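Beneath this line is the structure, given in structure tokens, with notes to follow.
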Amino acid sequence: MKTKKLLPLSAVALVASLALAGCSTGTPGSSGTSMPGMDHGNMGSSSAPAQSAPASAGDHNAADAMFAQAMIPHHAQAVEMSGMILAKQDIPAQVSALATRIKDAQGPEIETMTDWLKGWNESTMMPSGHSMDGMMSDDDMAKLDAAQGTEAAKLFLSQMIAHHRGAVAMAETQTREGKNTDAVKLAKEIITAQEAEIKEMEQLLAGL
């Protein structure tokens, strides 16, 4: 079940560190009114990082800006969750492989969306007061951090399924309302990749 949750402080701090560090590796939104939804993983069919240069300031609209501002912290939390599970012992190999793909896909996308916002002369931070479906609360993240073994794998998959569903909803809004062709293309890639990963995670969860 998706519940609308405020962005945890841990993810905010991670996004800030990414901006300062230039996002060398994958680490850890939309408006609470029109864009629900995090995390976009890579699974062979997952979207390749967008490589296009930042568009001109006039080549985007408000929906494009909100999509990037919200998806950056959403991706950031997914990468943080993946890092947590990869640091644990006795995690099934398929779950660890999925977490690795998520980190590898979403880190470069965070960089790309940050570059877009800078090129559009937009803030790289999501406006305050907005919330996103699919985001984990601080309590959710603490539970994942404390869990071990098969229990941790099950919790990770359950949380990431909800997280992906939120990202898909955000991306669907972007495909309808966005103007920038690169941003719309990335949104479509997120939908394709994350819907496939949701099915994969449901199968993994059923087998644990």
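Calculated FRET efficiency, Ala142 to Lys199, Cβ-Cβ distance, R0 = 22 Å: about 0.20 to the nearest 0.05.
Of the cross-linked pairs Lys143/Lys188; Lys88/Lys154; Lys88/Lys118; Lys88/Lys143; Lys103/Lys185; Lys103/Lys179, those separated by over 25 Å at the C-alpha level are Lys143/Lys188; Lys88/Lys118; Lys103/Lys179.
Solvent-accessible area of Ser96, all protein chains in place: 30 Å² (probe radius 1.4 Å, heavy atoms, ligands and nucleic acids excluded).
The packing ranking of peptides 113-121, 190-198, 159-167, highest mean first, is 159-167, 190-198, 113-121, where packing means the average number of other beta carbon atoms within 10 angstrom of each residue.
The values are calculated or read from the model by the stated rules, or taken from the named source; none is laboratory data. Remember, it's a predicted structure, so these values are computed and weren't measured experimentally. A quick note on method: Cβ atoms are made from the backbone with ideal geometry, for glycine too, and the neighbour counts reach across all protein chains shown. Note: accessible area is taken over every heavy atom of the protein model, side chains too, but ligands, DNA and RNA are not part of it. Shrake-Rupley method; radii C 1.70, N 1.55, O 1.52, S 1.80 Å.
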